[in-house]
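Single-structure report; data block below.
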C-alpha cells in the first residue's frame, strides 16, 4: 500500500498550496518573473511543507498501526530531499534578491566567485548538496567508481532542473515525463510508491506556476531535481544509470553554454509541450 502516499499528498496539497501562495504574497514574499509579473515566491517551500504534512499521518499509522504505507527506502533518501530544500531556500532568501542581481549564476559563476575569494550562496548549496549526496548514496555496496558516478548523477540531476526552471511549469512537466517513462519502462509504480508524498504536491503546484500565480524558486526546482535524481538511482540498473549520467551531464553543459529556452522555442513539438497549459 505504498502508493497511498501519492493520493493523500495530492488531496492535502489542493487546499494547502493556494493558501500557502497567498500567505507568501501577504508576507511580501514575491519575485519578478521573466515577464515582469510579481509572483508568490518561493513556492518550493510550500511544496515541501505539504509533503511533510502528508508524511505525518503516514508515519504514525505505519508504525503504530503496523501498516505498510511508507516505502522503507524513504528513510535513506529523505535527508537528501529535506536538505536540498533547506539549501535551495537559503539561496532564494539570501542569494538572488533584488539587491543582489549581480550574484553569480551557474557553475562557472560560482567557481569564479570562489577564485575571487567570495563564497556565494550557490557555492554553499553546491557543497551542501555534494555532502548530502555522498551520505545518502553510501552503504549500497557499490564499487568505488559506481559510487562516484551515482553521487554525480544525483547532484547533476538536482541542478539540471534548476537550469530548466526558466519558464512556468517546465520543471514539473519534465519530472512528470520522467516519472511516466520510468513507470512504463520498468513496468512499476515504484517511483510513486517511494516519493509520492513529494510528487503529489509538485504536480498540484504546477497548476499555480503555469497560471503565473507563484514561482518555484531554487527551493522548488532543486526539490524537483532531487526527486528526479532519486528516481533515476532507484529504478535504473547500473549501466542505465551511466547512460543517464552522460545525458544529464551533456544537457547540463549545454545549459551552461547555451540557452535551453531558445533551443526549446526553436523546435515546434518542444515549444508546444513547453507552452501547454500556460496562461
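Values quoted throughout were computed directly from the atomic coordinates according to the rules given, and no laboratory measurement underlies them. All figures in this text were calculated on a predicted structure; none of them were measured in a lab. Positions of Cβ are backbone-derived with ideal geometry, glycine not excepted, and every protein chain shown enters the neighbour counts.
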Item to check | Extended-chain gain in nm, criterion 0.36 nm per residue less alpha-carbon gap, residue 135 and residue 275 | outcome: 46.6 nm
Item to check | Gap separating the Cα centres of the range 178-251 and the range 46-64, nearest whole Å | outcome: 19
Checklist entry - So if R0 is 41 Å, what FRET efficiency would residue 26 and residue 257 give, r being the distance between their Cβ atoms, rounded to the nearest 0.05? => result 0.55
Checklist entry - Under a GNM of the chain (C-alpha, springs under 10 Å), which listed residue has the highest mean-square fluctuation: 54, 19, 157? => result 19
Checklist entry - What is the spin-label model distance, in nm, from residue 75 to residue 180 if the labels are put 7 Å beyond Cα along the C-beta direction? => result 3.5
Checklist entry - Of 143, 212, 73, which is the most mobile in a GNM of the chain whose springs link Cα atoms less than 10 angstrom apart? => result 143
Checklist entry - Picking from 255, 179, 141, which is most flexible by a Gaussian network model of the chain using Cα springs under 10 Å? => result 141
Next on the checklist: Using Cα-Cα distances under 8 Å and only pairs 6 or more residues apart, what relative contact order does the range 2-275 have, in percent?
Outcome noted: 31
Checklist outcome for this item: For residue 59, placing the label point 7 angstrom along Cα-to-beta-carbon and taking the range 190-205, residues whose amide nitrogen sits under 14 Å are 197-198
Checklist outcome for this item: Ordered by fewest other Cβ atoms within 10 Å, a rough proxy for footprinting exposure, 207, 3, 145, 77 read 145, 3, 207, 77
Item to check | Sorted by Cβ density within 10 Å, fewest first, the residues 86, 41 | outcome: 86, 41
Checklist entry - Using helices alone, what [θ] at 222 nm do you get for the chain, with -39,500 (n - 2.57) per DSSP H run of 4 or more residues, divided over all residues and rounded to the nearest 500? => result -24500 deg cm²/dmol
Next on the checklist: Below 8 Å between Cα atoms, with a sequence gap of 6+, how large is the relative contact order for the range 156-279 in percent?
Outcome noted: 41
